[in-house]
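Chemist: The structure is given below, and queries will be raised subsequently.
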Amino acid sequence: MRERQGLDRTDIRILSAVQKHGQLSKTKLAEIVNLSPTPCWARLTRLRAAGYIRGYHADIALERVIDVTRVVVTVSLTHHRKSDFDRFEAHIRSVDEIINCVSTGGGVDYIMTVVTPSLATFQSLMDELLAADLGIDRYMTFFATRLIKAEQPPLAKLVAQTR
């Protein structure tokens, strides 16, 4: 059975395995997916080429390396033209300290997560954003005291729930 995006159940199993375990050897991936190694690897190669896999990342226990300031920031823009959103989003993509940014409907335009080494560094970053002429009307900050959960949604479960 093919899914809407042209993916079948085996493709979903491969993507789920990579999502959970990261880069795997051909043999290990085939074992997890319950498919022989050569066709499994061919499917993985096709999925990579089609852009379904954006990259592989290590989940670093940041709090064990350095004490950081994590801030959730809501942003509302002054104007709501496509060019205003495009300019803001292009700039945000270039700021390493902004680790997550989602566009929202409703009371605010964006919700961002910002990670910096200190409160002073965070404030400097916000001053730079305000000075960059991005059309920011207002922003609100929420200082995170503990990171409880930060994960990707389980692909296989999401797909199963759409049937």
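Chemist: Quick check on my filter: what residues within the range 109-129 are surrounded by fewer than 14 Cβ atoms within 10 Å (Cβ to Cβ) and part of a helix (DSSP H, G or I)?
Modeler: If the condition is that a residue be surrounded by fewer than 14 Cβ atoms within 10 Å (Cβ to Cβ) and part of a helix (DSSP H, G or I), then LEU119, ALA120, SER124, ASP127, GLU128 are the ones that fit.
Chemist: When you go through (1) within 20 Å of ILE60 (Cβ to Cβ); (2) surrounded by 13 or more Cβ atoms within 10 Å (Cβ to Cβ) one by one for TYR139, which number turns out not to apply?
Modeler: It is condition (1) that TYR139 fails.
Chemist: Within the range 11-66, take every residue that is modelled with pLDDT of 90 or more and acidic (Asp, Glu) and give me the one that is surrounded by the fewest Cβ atoms within 10 Å (Cβ to Cβ).
Modeler: My answer is GLU31.
Chemist: Scanning for something farther than 28 Å from VAL115 by Cβ and of a type outside the set (A, V, I, L, M), does the range 67-79 turn up at least one residue?
Modeler: Yes.
Chemist: In a loop (DSSP other than H, G, I, E, B) and more than 26 Å from ALA144 (Cβ to Cβ): is that true of HIS79 in this structure? Working first, answer last.
Modeler: Working: in a loop (DSSP other than H, G, I, E, B): yes; more than 26 Å from ALA144 (Cβ to Cβ): yes.
Taking the combined requirement at face value, the residue satisfies it.
Chemist: Still on this structure, please answer the following. Condition first: within 20 Å of GLN152 (Cα to Cα) and either more than 23 Å from the chain's Cα centre (by Cα) or of a type in the set (Phe, Trp, Tyr) (or both). Now tell me which residues in the range 21-66 satisfy that.
Modeler: LEU29, ILE32, VAL33, TYR52, TYR56
Chemist: Further question: Contact list please: Cβ distance under 7 Å, first residue in the range 76-103 and free of Cβ contacts under 8 Å to residues at least 40 places away in the same chain, second residue surrounded by 10 or more Cβ atoms within 10 Å (Cβ to Cβ) and assigned to a helix (DSSP H, G or I), pairs at least six apart or on different chains.
Modeler: The qualifying pairs are GLU97/LEU125; ILE98/ILE92; CYS101/ILE92.
Chemist: Now for a separate question. In the range 22-35, how many residues are farther than 15 Å from LEU47 by Cβ and in a helix (DSSP H, G or I)?
Modeler: Of the residues in the range 22-35, 3 are farther than 15 Å from LEU47 by Cβ and in a helix (DSSP H, G or I).
Chemist: Let me ask something else about it. Name every residue in the range 82-92 that is of a type in the set (D, E, K, R) and either in a loop (DSSP other than H, G, I, E, B) or surrounded by 10 or more Cβ atoms within 10 Å (Cβ to Cβ) (or both), in order of residue number.
Modeler: Of everything in the range 82-92, those that are of a type in the set (D, E, K, R) and either in a loop (DSSP other than H, G, I, E, B) or surrounded by 10 or more Cβ atoms within 10 Å (Cβ to Cβ) (or both) turn out to be ASP84, ASP86, ARG87, GLU89.
Chemist: With the structure loaded, tell me whether ILE99 is of a type in the set (Val, Ile, Thr) and in a helix (DSSP H, G or I) or whether it fails that test.
Modeler: Criteria not met by ILE99.
Chemist: Sticking with this one: Considering the range 121-161 alone, what residues qualify as being free of Cβ contacts under 8 Å to residues at least 24 places away in the same chain and more than 26 Å from THR78 (Cα to Cα)?
Modeler: THR145, ARG146, ILE148, LYS149, ALA150, GLU151, PRO153, LYS157, LEU158, ALA160, GLN161
Chemist: Take VAL95 and decide whether it is of a type in the set (A, V, I, L, M, F, W, C), surrounded by fewer than 16 Cβ atoms within 10 Å (Cβ to Cβ) and over 21 Å from ARG146 (Cβ atoms).
Modeler: Yes.
Chemist: I want to confirm something. Restricting to the range 4-19 and keeping residues that are free of Cβ contacts under 8 Å to residues at least 24 places away in the same chain and in a helix (DSSP H, G or I), which single residue is farthest from the chain's Cα centre (by Cα)?
Modeler: ARG9
The values are calculated or read from the model by the stated rules, or taken from the named source; none is laboratory data. Because the structure is a prediction, the values reported are computed rather than measured. As a convention, Cβ positions derive from the backbone with ideal geometry for all residues, glycine included, and neighbour counts pool all protein chains shown.
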